[in-house]
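Reviewing the structure listed below.
The values are calculated or read from the model by the stated rules, or taken from the named source; none is laboratory data. These figures come from a predicted structure and were not determined experimentally. Here the Cβ is made from the backbone with ideal geometry for all residues, glycine too, and neighbour counts use every protein chain on show. Accessible surface areas use protein heavy atoms only, side chains included; no ligands, DNA or RNA. Shrake-Rupley method; radii C 1.70, N 1.55, O 1.52, S 1.80 Å.
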Amino acid sequence: MHAAGLYRRCGSIQWKVESLTNRSVKHDGSSRGLIPAVLLVGGLSLAGLAGVVSASFRPNAVLNGAYGTDAWVRLLDDPNFVDSLIFTVRAALISTALSVAVSIPLAFALRRRETVARALVAAPIPIPHIVTATLVVLWLGPSGLADRVFATLPIVRDSFGVGLIFVYFLKEVPFLTVLILSSLGEEDQSREEAARTLSPSRLDRWRGVLLPQLRRPLVLGSLVVAAFVVGSTEVPLVVGPLTPDVLTTWSITIIRIRGPIARADAAAGLVVTSALVIILAVVAIWFAFRGRANGRSATLPRGKS
Amino acid sequence: MVVLLVGPFVLLPIRVFADEWRAPNIIPQRFGLRGITRVAEDGLLVEAIANSVVVATISAIVGVVFGWPAARSLAISRNARGAWLAILLPLLLPPLVVGEGLRVWFLRLGLADSLIGLVLAHLVFVVPYCILILSPGFTPELVRRESAAMVLTGDLKQRFVSVTLPAMRRQIALALALGFTISWAQYGTSLGVGGGVPMLPLLLVPLVRSDPQVAAVLDIILIAPPLFALALSQTTASKAI
């Protein structure tokens, strides 16, 4: 039977089957289909995590070497590692906060705009971070175009991490903006209009109607952004400062300086990186489930409803 | 703000053809094809591009094969929040952690510094995205048509070829494109698992400083698949409307 013909006929047959059996056609779907993907993705992820934990306690794992905590002792005694940890957390916090602060007004500005402006803002999302980092070097690095035109100070590889934060800002603002836009649906607009008639105060409308709408996507999006910043490698390698490193590049640097013997220390550093990301993930899951359990409620503040 | 986000990309094609661009000049002194020629003639860069194409292609195909039944189950299941969580959580893991951790096991299995090892490591990030893209394609309408096709033909293969495949072809194309893109740009996993295998993102990082013109050419090569995926998603969205 011709494919298109069968596809069309199925529409009418489906109605006949449902009429004859007097019930909706049930599908043979089950959770069995999830098993291969969950085993593959979950298995490889857990193997990866177990691999770094194992390598941090067993320096010569491949040669069946002895277990020990030497790498962890050295790690906690290393002032460079502590600096890296502080720098990583600071960069994650600042880049996430800046991205959130800009994406909210941007999303509201784009809410009633035509699709071209929205598409332009969304365009950088699929661009790899490494390309954005290269562009920042070309524009804002030493002898970059901004330096030549405006004689600005180069911000690439600065010790505060301005260049690093700027790359994340350029990449994460579009992501968060699209996330906010998708949560501002038609229903929410009509709710906001109803609130406008009840309360003339813009602050009340923001606190009572818009903030409850945006809280969930914003918190989840921010946690995803922060987790990404903590775990990224290529962006700090291109635009990050030489000292302090971020946690991931600290692990690369220590192997480059001390050689393969430092692999256990590097693995311990990566375990700390994973722990930070897992904490963020747990908070995100808790928030997602809590948000679902409570439901989405948008109410005006007391005395205004 | 839109200009700030999109504007920097204008510089990339200019840098590709700027054979000579010394400070403090604002306009390049000489245009040419040095960057493109260097990429075409450098054996290591060509090998890196070829390796990235092979790994990304295999990862995308395997990602769709594994993602297909999972996406179907997730679309049909009414209470799939836990399953979604299990599928999506690995995306938050730092790629370097996955790569370095898998290297420990892959060294024993003889998969470290191999293309198969790279494909396996990339799948951690490719499969969840393939599931995300494929899942909305299994609409209730398609599921009902599939059931009717089973009543009509009783043949799973014919149901797949005649009903499921035509309805899902755009989702499949998009999942393949996105899967390719995710694998194509992997840096951390590639560095961890296959640091010895030349891959496009691994060679790009040192070139950003040492030869910005060649880096710009590699950047253009690196953003071509994501832009294709974006165009494909826009076309799919407009056809769906």
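Accessible area ranking (1.4 Å probe, heavy atoms, ligands and nucleic acids excluded), largest first, for B:F66, B:F228, A:F169: B:F228, B:F66, A:F169. Fully extending the segment from A:A109 to A:R32, taken as 0.36 nm per residue of separation minus the present Cα-Cα distance, adds 23.2 nm.
For the peptides A:233-245, A:38-50, the ranking by packing is A:233-245, A:38-50, with the highest mean count of neighbouring Cβ atoms within 10 Å listed first. In a fully extended conformation the segment linking A:A101 and A:V219 would gain 41.2 nm over its present Cα-Cα distance, using 0.36 nm per residue. Averaged over peptide B:148-158, the number of partner chain Cβ atoms lying within 10 Å of each residue's Cβ comes to 4.
For the chain pair B and A, the interface hides roughly 7300 square angstrom of accessible area in total, found with a 1.4 Å probe. Looking at the range B:33-240, the accessible area is 39 square angstrom per residue; that uses a 1.4 Å probe and ignores ligands, DNA and RNA.
For the range A:55-294, which whole percent of the accessible surface, found with a 1.4 angstrom probe, sits on carbon and sulfur atoms? It would help to have the intermediate numbers written out before the result.
On the way: 7190 of 10830 Å².
That fraction is 66 percent.
Shielding value for B:104-114 is 3, the average number of Cβ atoms from other chains within 10 Å of each residue's Cβ.
Per DSSP helix of 4 or more residues, -39500 (n - 2.57); summed, then divided by the residues of chain B. What does that give at 222 nm, rounded to the nearest 500? Provide the component values of the computation, followed by the final result.
Details: 13 runs with 182 residues, N = 241.
Counting only the DSSP helices, I get -24500 deg cm²/dmol.
If you take the Cα centroid of the range B:19-81 and the Cα centroid of the range A:228-287, the two points sit 24 Å apart. Shown are B:F17, B:F125, whose ranking by accessible area with a 1.4 Å probe and every protein chain present, most to least, is B:F17, B:F125. Other protein chain C-beta atoms within 10 Å of residue C-beta, averaged over A:233-244: 3.
Looking at the range A:41-95, which chymotrypsin sites (Phe, Trp or Tyr not before Pro) are in a loop (DSSP not H, G, I, E or B) and have at most 14 other Cβ atoms within 10 Å? Intermediate values should be presented prior to the final figure.
Values: sites: A:F57, A:Y67, A:W72, A:F81, A:F87; in loops: A:Y67.
Passing sites in the range A:41-95 are A:Y67.
Calculated FRET efficiency, A:V82 to B:V6, Cβ-Cβ distance, R0 = 41 Å: about 0.60 to the nearest 0.05. Computed with the Debye formula from one identical point scatterer per Cα of the range B:33-240, without solvent, the log10 of I(q)/I(0) at q = 0.19 Å⁻¹ comes to -1.29.
For the range B:33-240, the share of accessible area belonging to carbon and sulfur comes to 67 percent (1.4 Å probe, ligands and nucleic acids excluded). Set against the 2.2 N^0.38 Å expectation for a compact globular protein, the range A:55-294 has a Cα radius of gyration ratio of 1.22.
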